[in-house]
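Peer 1: Below is the structure I would like to discuss, written out as structure tokens.
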Amino acid sequence: MILVTGANGQIGTVLTEALREAFGEDQVLATDIKKPDGHTGPFEMLDILNTQRITEIVGDYNITTIYHLAAILSANGEWNPQKTWNINLNGSLSILELARAQGVRKVFFPSTIAVFGPTTPRISTPQHTVIEPSTVYGISKATNELWCNYYFNRYGLDVRSVRYPGIISYQSMPGGGTTDYAVDIFHQALLTGQYTCFLKAHTRLPMMYMDDAIRATLELMAAPQEKIKIRTSYNLAAMSFTPAELAEEIKKHIPDFKIMYEPDHRQEIAESWTESIDDHEARKDWDWKHDFNLETMTIEMLKQLKLKYNHV
Ligand code: SER
């Protein structure tokens with residue numbers, strides 16, 4: 001059976017559904033600190049710091065694969081660095097350790113563009129580059145990457161990982177990240193016709209539509225072992241844009257849409273990350289290919305959210 005931690009999060013919600021579609025509802029155990037309303041299918045409440053409970057769950061449900069998504073995101077992580085480190089780093093390390101000890105066959109670990117920092121080359125950031133992140137979220141994810149690599153080399157644990165860009169989805173909301181504006185903007189465009197952005201107009205960041213992120217995850221996990229050459233985490237890319245460019249794209253569909261800018265503490269985080277990612281290793285090793293660009297993602301987001309909000 002497959003275990004998903006952080007199953008209520010932005011990616012977890014959609015990934016759990018995709019895994020259930022692929023492998024059967026009863027083959028995927030969703031876990032999180034709270035049970036969401038209306039959740040169907042196997043679910044267990046789980047605090048990622050409760051190692052004893054995870055150990056029990058892995059044994060009781062005969063878990064063979066873990067998608068470990070539980071984490072605190074970049075902006076929220078800065079409010080309480082110690083807590084963020086504890087959840088993001090120690091939570092992940094205990095997953096790796098019990099996966100090894102209990103014979104779990106495969107682990108997926110989500111890394112992020114937040115592992116990059118001000119000293120990393122900003123354009124077309126290479127796979128192997130300077131990693132000096134400035135947020136506690138970035139520090140914990142970068143350290144996690146090294147632990148993943150260690151568990152593979154030392155114990156042969158089949159752990160696989162990608163560095164997700166900002167993820168844009170209509171199904172679920174992000175919480176506490178720096179790229180969240182790229183989701184909020186669509187909701188506000190439809191609900192109020194305007195949006196106040198917490199990043200400056202020309203802040204360029206790597207982004208990806210959720211469908212691509214899910215497909216990347218499933219394809220990486222399904223690839224034959226010998227194709228996986230990188231055991232820290234693969235660079236992964238689809239598109240890069242600024243808030244101003246996204247607003248222009250939305251205006252093609254909602255001509256009266258207005259964007260205002262009130263940058264806050266998240267601007268500094270965004271500026272410490274890079275603008276675009278070189279992901280040729282993922283394309284070469286396991287045939288990664290993105291589908292959605294700025295134009296097609298915008299069309300799809302507006303279409304899906306109109307349905308959600310019942311706009312005609
Ligand atoms: N989307 C994440 C964030 O903004 C980056 O991994 O924190």
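The values are calculated or read from the model by the stated rules, or taken from the named source; none is laboratory data. Model, not experiment: these values are computed from the prediction. All Cβ positions, even for glycine, are placed from backbone atoms using ideal geometry, and neighbour counts span all protein chains on display. Side chains included, ligands, DNA and RNA excluded: accessible areas come from the protein's heavy atoms. Shrake-Rupley method; radii C 1.70, N 1.55, O 1.52, S 1.80 Å.
Peer 1: With θ taken as phi - 60° and the coefficients 6.51, -1.76 and 1.60, list the Karplus ³J(HN,Hα) couplings across the range 164-173 in order, rounded to whole Hz; mark glycine and proline as x.
Peer 2: Each residue of the range 164-173 in turn: 5, x, x, 9, 10, 9, 9, 6, 9, 9 Hz.
Peer 1: Antiparallel DSSP bridges in the range 165-312: what percent, to the nearest 5?
Peer 2: 30
Peer 1: Does anyone have the angle between helix 10-23 and the longest principal axis of the chain? Alpha-carbon axes, 0 to 90°, nearest 10?
Peer 2: Approximately 60 degrees, to the nearest ten.
Peer 1: Can I ask one more? Quick one: which residues, 5+ away or cross-chain, put their amide H under 5 Å from the amide H of Met239? H built at 1.01 Å from N.
Peer 2: The answer is Met207.
Peer 1: While we're looking at this one, here's another question. What number, in percent, do you get for the relative contact order of the chain if the mean sequence gap of Cα pairs under 8 Å and at least 6 apart is divided by its residue count?
Peer 2: 19
Peer 1: Find the percent of Cα-Cα distances in the chain that exceed 36 Å, and round it to a whole number. Intermediate values should be presented prior to the final figure.
Peer 2: Values: 6918 of 48516 pairs.
Above the 36 Å cut-off, the chain has 14 percent of its Cα pairs.
Peer 1: Using the Cα gyration tensor of the range 76-213, with a ≥ b ≥ c the square roots of its eigenvalues, what is the shape: rounded (a/c below 1.5), prolate (a/b larger than b/c) or oblate (neither)?
Peer 2: prolate
Peer 1: With point charges of +1 on the Cβ of Lys and Arg and -1 on the Cβ of Asp and Glu, referenced to the Cα centre of the chain, which listed residue (Trp273, Thr125, His187) lies farthest in the positive direction of the dipole?
Peer 2: The residue sitting farthest along the positive end of the dipole is Thr125.
Peer 1: Here's a follow-up. From the square roots a ≥ b ≥ c of the eigenvalues of the alpha-carbon gyration tensor of the range 1-101, which class results: rounded (a/c under 1.5), prolate (a/b over b/c), or oblate?
Peer 2: It comes out oblate by the Cα gyration axes.
Peer 1: If you line up the long axis of helix 136-155 against the longest principal axis of the chain, both from Cα atoms, how many degrees apart are they, to the nearest 10?
Peer 2: Approximately 30 degrees, to the nearest 10.
Peer 1: Also, I was wondering about something else. Mind jotting down the distance between the C-alpha centroids of the range 65-142 and the range 171-216, whole Å?
Peer 2: A separation of 21 Å, based on Cα centres.
Peer 1: Using amide H atoms built in the peptide plane, which far-off residues or other-chain residues are under 5 Å from Asp158 H to H?
Peer 2: Val107
Peer 1: To test your reading of the geometry: what angle, between 0 and 90 degrees and rounded to tens, separates the Cα axis of helix 181-191 from the longest principal axis of the chain?
Peer 2: Computed tilt is about 50 degrees.
Peer 1: Rounded, prolate or oblate, given the Cα gyration tensor of the range 185-312, with a/c below 1.5 counting as rounded?
Peer 2: Note, shape of the range 185-312 comes out oblate.
Peer 1: For the range 29-43, just list the computed ³J(HN,Hα) in residue order, Karplus coefficients 6.51, -1.76 and 1.60, θ = phi - 60°, integers in Hz, with x standing in for Gly and Pro.
Peer 2: 9, 8, 9, 6, 6, 9, 8, x, 4, x, 5, 10, x, x, 8
Peer 1: Restricting to DSSP H runs of at least four residues, report the calculated mean residue ellipticity at 222 nm for the chain, -39500 (n - 2.57) per run over all residues, nearest 500 deg cm²/dmol.
Peer 2: Using -39500 (n - 2.57) per qualifying helix, the result is -12000 deg cm²/dmol.
Peer 1: How large, in percent, is the carbon and sulfur part of the accessible surface of the chain at a probe radius of 1.4 Å?
Peer 2: 51
Peer 1: Please report the antiparallel percentage of the DSSP beta bridges confined to the chain, to the nearest 5.
Peer 2: If we restrict to bridges inside the chain, about 10 percent are antiparallel.
Peer 1: So what are the ³J(HN,Hα) numbers for the range 81-90, from phi and the Karplus equation (6.51, -1.76, 1.60; θ = phi - 60°), rounded to whole Hz, Gly and Pro as x?
Peer 2: Coupling constants for the range 81-90: x, 5, 5, 4, 4, 4, 5, 6, 8, 5 Hz.
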